[in-house]
Each structure stands twice: as structure tokens, then as C-alpha cells.
């Protein structure tokens with residue numbers, strides 16, 4: 001039990017998928033201008049990743065490895081993720097239309113989110129068991145969501161400051177993200 | 001939109017250079033610019049995939065139905081990424097180990113999908129090749145510049161790609177490297193500052 005807790009802490013804080021492993025930057029800089037879109041995006045990514053992580057783990061262990069088809073890993077994973085995202089889109093449209101319209105264009109963008117594909121690949125590379133995969137597939141996007149929400153707050157504050165023209169928008173956003181990453185580096189002493 | 005080969009090629013080198021002007025493809029930019037070797041290696045692999053996928057998608061542009069076009073693009077790109085991955089495993093194994101999971105991640109690199117959707121799907125093969133070459137070389141140059149900066153000031157070394165050579169103590173043996181630059185926060189801050197410099201240059 002302690003092992004899984006350590007894994008969770010590692011995924012959320014120490015090896016934060018965004019601030020320490022640099023995955024998931026495009027939506028990070030695109031969605032984080034407002035709190036509502038940030039939280040919505042975080043929820044959607046958690047949902048997609050838990051499903052995607054387990055399904056890709058199963059495919060890798062029951063189909064790719066036994067039949068020596070490991071070179072099909074990239075292709076099969078991205079297809080699973082793309083179809084999952086379409087499925088989640090349809091599901092949200094029917095059940096929670098408010099969230100669907102709130103997320104707008106960002107839902108299909110989860111397909112090209114490096115974090116989703118990245119976590120699936122990390123699960124295989126680190127040779128996690130199924131339970132470990134479940135834990136990491138839930139906590140990695142939770143860490144992503146945490147960083148996203150914190151960053152949205154930061155960005156809302158930056159809007160009120162007087163930023164020099166060349167630094168505006170993305171440039172100061174990246175510097176801000178760097179400061180957050182610096183703060184998260186402090187967690188390296190934890191695990 | 002009858003643009004010439006040279007025009008499409010040069011726009012990727014300055015006016016629309018990823019990742020600075022076209023704010024896409026940031027994940028490899030941040031992760032793989034710790035050393036010049038990684039940066040340029042990634043740039044070359046990326047250019048391969050971009051050119052090949054642009055060619056194929058441009059050839060098939062009148063055949064792929066509109067509703068399923070994104071899935072088709074993804075399949076094409078994933079196939080070429082797998083090919084490049086296997087080639088690297090065979091012929092450039094040390095580089096393959098250094099780039100790690102970022103090679104398969106070229107599939108979800110926004111630039112490749114973006115160029116396929118925005119350009120290759122609407123233009124002839126020759127122009128698509130020009131666009132891909134320009135973007136690819138521009139991206140490689142950008143990665144190289146950022147990586148060289150971070151590595152020289154952050155670690156004091158300079159490792160060259162493809163040839164087994166690296167310079168240690170570029171700035172003299174008594175230089176204490178500014179380690180912040182090669183760590184995670186340094187990546188974000190450096191990219192932000194480079195974007196700032198590009199904006200300043202762009203306004204002139």
C-alpha cells in the first residue's frame with residue numbers, strides 16, 4: 001500500500017508530468033487563461049487518461065508482447081486514444097451538455113495532448129503492473145490538473161500587471177511556468 | 001494561392017518558424033534542448049517525419065473523405081514515426097536512447113498534424129515538400145539555437161550530433177555552470193525569453 005502512495009506522490013509532485021517531464025504544454029498555455037476552462041480540461045484529461053492508460057496497458061500486455069508486435073505500439077496507442085476522445089465527446093454531449101459546450105474545441109485537442117500519449121508510453125516503459133498503471137494514469141493527470149489550475153490563477157493575476165510589449169501573452173506565461181516549475185523542484189527532496 | 005517553392009520554403013525559416021512564431025510543438029522544445037546533440041537529433045527525426053507525411057497526405061488529399069480526415073492523418077503520421085523509430089533503433093541507437101519517449105511523441109506533435117491539416121491537405125506535392133522542408137529546418141535551427149545556449153551556459157559543454165565529439169569547458173575551466181538553465185525551470189524561462197527576443201526582432 002505504501003508503494004502505491006509513494007507512486008501517487010511521485011506522479012503528482014516530484015515527477016509532475018508538466019513541470020518536470022515537459023509533457024502537455026500546448027493545452028497548458030492555451031487553456032489556462034480562465035479558471036473554468038482550466039478545471040474542465042483537467043477533469044476531461046483525467047477521465048480520458050484513466051481509460052486510455054488501462055486499455056493501452058492491456059493491449060500492450062495481451063496483444064503486442066505475446067505476438068511480438070511491439071513495433072505497432074505507437075500506431076495502436078494513438079488509435080486507441082483518438083477513438084477514446086471521440087467516444088468521450090459523444091458521451092459528454094449526451095449526458096453533460098454544459099461541460100461539453102464549456103470545453104468547446106479543447107476536447108478534441110486532448111488527442112494531440114502529449115501528456116496522454118506520454119503517460120501511456122511511460123506506463124509501458126517503466127513496466128508497471130495493472131494496479132500501478134491505474135494509479136499512475138489517475139495521478140499523472142491529477143498533477144497536470146493541479147499545475148493547470150494553479151497556473152490559471154497565476155495568469156489571471158498577470159493580466160492585471162503591466163507587462164512590457166515583447167513579453168506579453170505567451171512569453172511571460174512561459175516565464176511564469178518556469179517559476180512554478182522551480183517551486184515544484186522543491187518536492188524532489190520529498191521522495 | 002500560387003506561391004513559389006522558395007517562398008513556402010523560406011517562410012518556415014523565419015516568418016512562421018516553429019516553435020517561436022507558430023507556438024506549437026513545445027514539448028520536445030522544452031525537454032530535448034538540454035544538449036545540442038539531443039536538440040538537433042530530434043530536429044532531424046522530426047523533419048523526416050514531416051516531409052514524408054506531407055508528401056503522402058498531399059498525394060491523398062483528394063481521396064480522403066472530410067469526416068475521417070484527422071484519423072487518416074494520424075494513421076499516416078504514426079506509420080512514418082514508427083518507421084523512423086525503427087530506423088533509429090537500427091542505425092543511431094545512442095541517439096534513440098537519449099531521445100527516449102519523445103520519438104513516438106512526434107505523432108502528437110502539434111506541428112506535424114497542424115501542417116498536414118493546414119497545408120498538405122490543400123496544396124500540391126511540390127509545395128508541401130517545400131513547406132515541410134522549411135518548417136523542419138526552421139524547427140531544427142530553433143532547437144539547435146536554444147540547446148546550444150542552454151548547454152553552453154548551463155553545463156559548460158557542447159556535444160555535437162552524429163559525430164562522436166564534444167567540447168568540454170567551452171567557456172574556460174574556471175567557469176561555474178549556471179545549472180538552473182539545464183533544469184526544468186530553466187527550459188521554460190529560456191523559451192519565454194527567446195520568444196521575447198523574437199517578438200522584439202519581429203517588430204523592427
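The values are calculated or read from the model by the stated rules, or taken from the named source; none is laboratory data. Values in this document were obtained by computation on a predicted structure and should not be read as measured data. A quick note on method: Cβ atoms are made from the backbone with ideal geometry, for glycine too, and the neighbour counts reach across all protein chains shown.
Here's the yes/no breakdown for (1) more than 11 Å from the chain's Cα centre (by Cα); (2) more than 14 Å from chain A (Cβ to nearest Cβ):
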position	(1), (2)
B:9	yes, yes
B:13	yes, yes
B:34	yes, no
B:40	no, yes
B:54	yes, yes
B:95	yes, yes
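Within region B:101-129, the set of residues being out of contact with any helix residue (DSSP H, G or I) (no Cβ under 8 Å at 6 or more places or on another chain) and either within 14 Å of chain A (Cβ to nearest Cβ) or at pLDDT 85 or above (or both) comprises B:114, B:118.
Looking across region A:154-163 at every residue that is in contact (Cβ under 8 Å) with a residue 24 or more places away in the chain and closer than 15 Å to residue A:178 by Cα, the one that is surrounded by the fewest Cβ atoms within 10 Å (Cβ to Cβ) is identified as A:154. Within region B:130-145, does at least one residue satisfy the condition of being more than 21 Å from residue B:84 (Cβ to Cβ) and modelled with pLDDT under 85? No, region B:130-145 contains no residue that is more than 21 Å from residue B:84 (Cβ to Cβ) and modelled with pLDDT under 85. A single entry from B:34, B:66, B:3 fulfils the requirement of being buried (at least 19 other Cβ atoms within 10 Å of the Cβ) and either at pLDDT 80 or above or out of contact with any strand residue (DSSP E or B) (no Cβ under 6 Å at 6 or more places or on another chain) (or both): B:34. The condition (being away from chain B (no Cβ under 12 Å), at pLDDT 85 or above, in contact with a helix residue (DSSP H, G or I) (Cβ under 7 Å, 6 or more places away or on another chain) and surrounded by fewer than 19 Cβ atoms within 10 Å (Cβ to Cβ)) is satisfied by just one residue among A:46, A:59: A:46.
Kindly provide the set of residues from region A:75-101 that are more than 18 Å from the chain's Cα centre (by Cα) and more than 29 Å from residue A:33 (Cβ to Cβ), ordered by number. Within region A:75-101, A:75, A:76 qualify. Of all residues in region B:13-25, none satisfies being surrounded by fewer than 23 Cβ atoms within 10 Å (Cβ to Cβ) and assigned to a helix (DSSP H, G or I). When A:178, A:173, A:143, A:104 are checked against the criterion of being modelled with pLDDT of 85 or more and either within 16 Å of residue A:37 (Cβ to Cβ) or facing chain B (nearest Cβ under 9 Å) (or both), a single residue qualifies: A:178. Taken over region A:68-96, the residue count meeting the criterion of being closer than 26 Å to residue B:101 by Cβ and not in a helix (DSSP H, G or I) is 2. Would you mention how many residues in region B:153-204 are away from chain A (no Cβ under 13 Å), buried (at least 16 other Cβ atoms within 10 Å of the Cβ) and under 20 Å from the mean Cα position of the chain (by Cα)? Number of matching residues: 3.
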